[in-house]
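Have a look at the structure below, then the notes.
The values are calculated or read from the model by the stated rules, or taken from the named source; none is laboratory data. On a predicted model such as this, the values are computed, not experimentally measured, just so you know. Note: ideal-geometry Cβ built from the backbone for every residue, glycine included; neighbour counts use all protein chains shown. For the accessible areas, the whole protein counts, side chains as well, though only heavy atoms, and no ligand, DNA or RNA atoms are used. Shrake-Rupley method; radii C 1.70, N 1.55, O 1.52, S 1.80 Å.
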Amino acid sequence: VGGSNALGTWGYISAVEELMHQLETIQSDDSDFNFGHVVFATGSGGTAAGIALGLSLAHGADAHPAAEGKEAPTCHGIGVCDSPDYFYTTIASIADAMGLKKMIHSSTEDFIRSIIKVHHGKGRGYAVSSDEELRFISQFAVDTGICLDPVYSGKA
C-alpha cells in the first residue's frame, strides 16, 4: 500500500534525519531543548515504521549530535484503521524487509513494541468520522490555526 514497504520507509527515516538537524539548530540557542513524544497517525504502517526506526537510529550507538546524552522520545502511532496488534506485526514485517532482523538479538516485533506505542484511534472507522470528531477538528482549527484532516491527523 503506497510507501508502506522497506523502500518507502527510508523516506521517513530521512525525515527524522532532517528533524534531528532542525533540533540541533534549536539546541544551539537552548542546549536543554528536547522533545519527549512524537505523535502521528498511521494507516498502513510505513510512517510508523520510518519514524520509530529513524528515532531509534538517531538515539542509538552512533547517536546524532542533537541526540547525544538525550533519551529517545516516545513514539505514539495512532491507528486510523485496524488494531494495534496489526500495526506491530506490519511494522515488524517492514523492518524485517529492511534487514533489521540481522541487527537485533530479540524478535523484531518485541523490538518494535519497545520503540513505539500504537494506540487505537479509528473511531467509527477509516475515513468515517462522527459529528463529535468533525466538531473537534473544526474547533481545533479555530483555536490553533492548524488544520487537521478527518482521515488521519484528526484521529491522532
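Taking the options V118, V142, name whichever one is touching a strand residue (DSSP E or B) at 6+ places or on another chain (Cβ under 9 Å) and either modelled with pLDDT of 95 or more or under 21 Å from G8 (Cβ atoms) (or both).
Residue meeting the stated conditions: V118.
Looking at (1) under 20 Å from S14 (Cβ atoms); (2) of a type outside the set (S, T, N, Q); (3) open to solvent by less than 40 Å² (accessible area, probe 1.4 Å), which one does D62 not meet, given that it meets all the others?
Of the numbered conditions (1) under 20 Å from S14 (Cβ atoms); (2) of a type outside the set (S, T, N, Q); (3) open to solvent by less than 40 Å² (accessible area, probe 1.4 Å), the odd one out for D62 is (3).
As an exercise: evaluate H21 against (1) touching a Phe, Trp or Tyr at 6+ places or on another chain (Cβ under 9 Å); (2) closer than 17 Å to P73 by Cβ; (3) surrounded by fewer than 20 Cβ atoms within 10 Å (Cβ to Cβ); (4) not aromatic (F, W, Y) and give the number of the one condition it does not meet.
(1)
Only one of (1) open to solvent by less than 70 Å² (accessible area, probe 1.4 Å); (2) within 30 Å of L53 (Cβ to Cβ); (3) free of Cβ contacts under 8 Å to residues at least 40 places away in the same chain fails for V118. Which number is that?
Looking at each condition in turn, V118 falls short on (3).
Evaluate the following for A49: is it open to solvent by less than 30 Å² (accessible area, probe 1.4 Å) and small (G, A, S)?
yes
Note down all Cβ pairs under 7 Å where the first residue falls in segment 121-145 and is acidic (D, E), the second is surrounded by 10 or more Cβ atoms within 10 Å (Cβ to Cβ), and they're at least six residues apart or on different chains.
Listed pairs, sorted by first residue: E133/G123; E133/P150; E133/G154.
Give all pairs with beta carbons closer than 7 Å in which a residue from segment 74-102 that is among the small types (G, A, S) meets a residue that is open to solvent by 50 Å² or more (accessible area, probe 1.4 Å) and assigned to a helix (DSSP H, G or I); count only pairs at least 6 apart in sequence or on separate chains.
Pairs found: A92/E109.
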